[in-house]
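Worksheet: one structure, shown below.
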Amino acid sequence: MQDIRKNKRTFGGVTVVLAGDWRQILPIVRKGSRSAIINACIKSSPLWSDVKVMKLTRNMRVAMAGGDECDYAKHLLDIGEGKVPVDYKLGKHKIRIKDEFVYHSDSFEHFANFVFDELQTNYKNPEWLTSRAILCPTNDGVDKVNDYLLKKFPGSGRVYKSSDTIEDHKERHQYPEEFLNSLNPSGLPSHVITLKPGAPIILLRNIDPIQGHCNGTKYVVTHLSDHVIDATIASGVHVGKTLFIPRISLSPSENLYPFQLKRRQFPVRTAFAMTSNKAQGQTLSRVGIYLEKDFFSHGQLYVSMSRVGNPNHLKILTKNGTFPNRDGTYTDNVVFHEIL
């Protein structure tokens, strides 16, 4: 920008607006330490000294949902800023979850029914279907929840399997196809995808951003063919637009293996559940947080709890949150105070 505008000021003198919230999830640094994650943020850049910070003070998601702005919005800020008291006897990040958010049942079936209440009667309503989700810390938990709810979803399913190869032809004999099928790197669709007409899905690649067909967009399946999936955008400014999704060749964005994996598969994933990272930026009408494992990185609990504006529409089910001789339910709330 300095070269184009012949101006030595930052960005060539152009005003650039950066929007964000330091309480939310920070940049992903694979196998990176806490200091490496902090170092990847713009606060660690020489540009930060030229940034003028302007703060927004009202939680509009809570205000528009008719929730109690004073209590709920303040509690979310306390979680995001690490101000909720930590019980160091249980762990360095353990906080007690407010009783009003705890789902008091060990039955996952009942928990799923809270989030997707009356699924058998509302499953044909795309807006209803995509306005609620179960959030999990890991992709393994997401896959389990999606498989469970897809089985409950009315209709018969169709199975699609990927074609997996490696780019180097000379090394293909070293890695059997069955081994390649078992790999499940982040950002790539699974080897086996099961879908049903009417089920919610999320797109994993940018296909036509101008028309709204980009990574993270939610659809409902309208038709399943051998070589293409017919889907319709379920919400947002592009609601109702259709997309014919083909199989495409995908590779992991990072070198995770001693070879370059190529997976030819539909770039979609069932969207009954998603990770907290994938849910960032979305507004939902009802949220369930399923903690088979605790959140492990900065801002994940804050992001998950703040996806919904009405506190009555948020419940947390945790498998390891109760401790002997302790009242209440506990979970990890990881906060890097130095980034705040």
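The values are calculated or read from the model by the stated rules, or taken from the named source; none is laboratory data. Since the structure is predicted, the reported quantities are computational estimates derived from the model, not experimental observations. So basically every Cβ, Gly included, is an ideal-geometry build from the backbone, and we count neighbours across all protein chains shown.
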Quick one: would you say residue 251 is in the same structural domain as residue 183 (by TED's automatic domain parsing), among the polar types (S, T, N, Q), touching a Leu at 6+ places or on another chain (Cβ under 7 Å) and farther than 23 Å from residue 131 by Cα?
yes
Yes or no: residue 290 touching a Cys at 6+ places or on another chain (Cβ under 9 Å), aromatic (Phe, Trp, Tyr) and in contact (Cβ under 8 Å) with a residue 24 or more places away in the chain?
yes
Complete set of residues in the range 105-131 that are surrounded by 12 or more Cβ atoms within 10 Å (Cβ to Cβ), part of a loop (DSSP other than H, G, I, E, B) and either at pLDDT 90 or above or not polar (S, T, N, Q) (or both)
116, 117, 123, 125, 131
When residues of the range 132-166 are filtered for being of a type outside the set (Lys, Arg) and in a strand (DSSP E or B), how many remain?
10
Would it be correct to say that residue 52 is on the phi > 0 side of the Ramachandran plot and assigned by TED's automatic domain parsing to the domain that holds residue 314?
no
In the set 229, 210, which member is out of contact with any strand residue (DSSP E or B) (no Cβ under 8 Å at 6 or more places or on another chain) and not in a loop (DSSP other than H, G, I, E, B)?
210
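Let's see how each residue does on (1) touching a helix residue (DSSP H, G or I) at 6+ places or on another chain (Cβ under 8 Å); (2) exposed (fewer than 12 other Cβ atoms within 10 Å of the Cβ); (3) touching a residue at least 40 places away in the same chain (Cβ under 8 Å):
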residue: 27; (1), (2), (3): yes, no, no
residue: 33; (1), (2), (3): no, yes, no
residue: 38; (1), (2), (3): yes, no, yes
residue: 43; (1), (2), (3): yes, no, yes
residue: 47; (1), (2), (3): yes, no, no
residue: 58; (1), (2), (3): yes, yes, no
residue: 61; (1), (2), (3): no, no, yes
residue: 64; (1), (2), (3): no, yes, yes
residue: 72; (1), (2), (3): yes, no, yes
Name every residue in the range 182-204 that is assigned to a loop (DSSP other than H, G, I, E, B), over 23 Å from residue 235 (Cα atoms) and among the hydrophobic types (A, V, I, L, M, F, W, C), in order of residue number.
183, 188
Checked against (1) over 21 Å from the mean Cα position of the chain (by Cα); (2) among the hydrophobic types (A, V, I, L, M, F, W, C); (3) at pLDDT below 95, residue 188 satisfies every condition except (1)
